[in-house]
Structure formats: structure tokens, C-alpha cells
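These notes concern the structure reproduced below.
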């Protein structure tokens, strides 16, 4: 009897996982970074954790090379923080339990949050956990392609600007893909790191802690 009950539970879990996965778009997809015979990692980005949410900090020159529209919105940035998340939850001024449940279990649209930094990351986010990630120029360019693919375009190929961001000099943009329990902001960060050539498995990185722990082990 117990074995029969366990079998039903396993079957239910498999069906539930399949339904969640099929209902939730896993866009944007990671970009495959080009392998190099003699990699020279003289570039750097940062992964940053604000507790439950992670993002990527990219030097302004590299970010603007991949995303030239940033120059139209921001002035004299030294770097940009990028984050991806649920359209309703991320932009809400008041966080409620119903918003959190909807973000996890409903198929929702997504947004990109871009913050222009004018100081070094340590000064901008003194209480947030940060890990420096050295990259080659090709890896940085590959990350740039992933970031570009994370922004939704309209029928004329234009970036879709939304409301102002939640802190600092920041802006929300329409994102690609659907946020849900199997496609979180932290999985997006992991996909960005994979695009930058890091050895990380995005499907297993749904929490901020798992993303940051992976980077610490790799150092």
C-alpha cells in the first residue's frame, strides 16, 4: 500500500514538473561561449546577490557596445547592473504574498532592470554579496549577446522602455521569456554566467545562494 502511494506521488511530481516546464518559457537561452586555446582573462564582471535576487555587473564600455541604447538613457556610467525578473513582482512598490505566489506558479511576463553605476560595485552595494568573475574579451562579448537577447523588441525592433527602476539611476525594460518557479531571476544569472564561459548548470541554479556558491568554488 505504501509503495503504491509513493508511486502515485512520484507520478504526480513528474506530471507537475512537466506542466510547469511546458507552461513556462525558458527564454532567454544561454549563448555558447567560443572556446579559446590560450584564454587571457583580463576583463572582469561581478555577480551580485541582494539576498534572494542576483544580477550581473558589467563594465559600461562593454555593455554599451552590445546595448547601444543604454547611452540614450544613461549618462557617464562606469558600469551597469543587470537583473531579470517577474514583470509584476519586480516592478511593484508593495510586495504581497499573492504577488509572490503568482510570480512562482503562474506564467508571467518578464522585465529587465538596468542600473547605471557611477562608482565601483563595492561602494554602490556595500551590504550585498559580490563575486568578481574574470573573463576574456570573447567571453565578455558572448555575455553581451546574452544580455541583448534578454530584452524584448517591438515589431520595429525597438527596445521597449517601461517605468523607472527601483533604486539609483535605473530603468525597467520589457524582457524576453516568462518568469516562473523553474525559470527564476537566479537561473537567468546562471545563464548569463554560462554565456560568459563559466562552468555552471543553469537548470540547477534557482536560488541566489546556489549561484554564488558555484562561483566561490570556481575561484
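Values quoted throughout were computed directly from the atomic coordinates according to the rules given, and no laboratory measurement underlies them. Note that the structure is a prediction, hence the values are computed from the model and not measured. As a convention, Cβ positions derive from the backbone with ideal geometry for all residues, glycine included, and neighbour counts pool all protein chains shown.
Please give the peptides 147-153, 64-70 ranked by average Cβ packing (other Cβ atoms within 10 Å per residue), highest first, as a rough proxy for protection. All intermediate terms of the calculation are to be shown ahead of the outcome.
Working: 147-153: 19.0, 64-70: 16.3.
For the peptides 147-153, 64-70, the packing ranking is 147-153, 64-70.
So, R0 is 25 Å and r is the distance between the beta-carbons of residue 127 and residue 91; what FRET efficiency does that work out to, to 0.05? The partial results should precede the final answer.
Details: r = 23 Å, r/R0 = 0.91.
For residue 127 and residue 91, the calculated efficiency is 0.65.
Here the label points at residue 181 and residue 167, each 7 Å from Cα along the C-beta direction, are separated by 2.9 nm in the simple model.
Please compute the length gained on full extension between residue 201 and residue 65, using 0.36 nm multiplied by the number of residues separating them and subtracting their Cα-Cα distance.
46.3 nm
Taking label points 7 Å from Cα along the Cα-to-Cβ direction, residue 119 and residue 44 give a separation of 1.8 nm.
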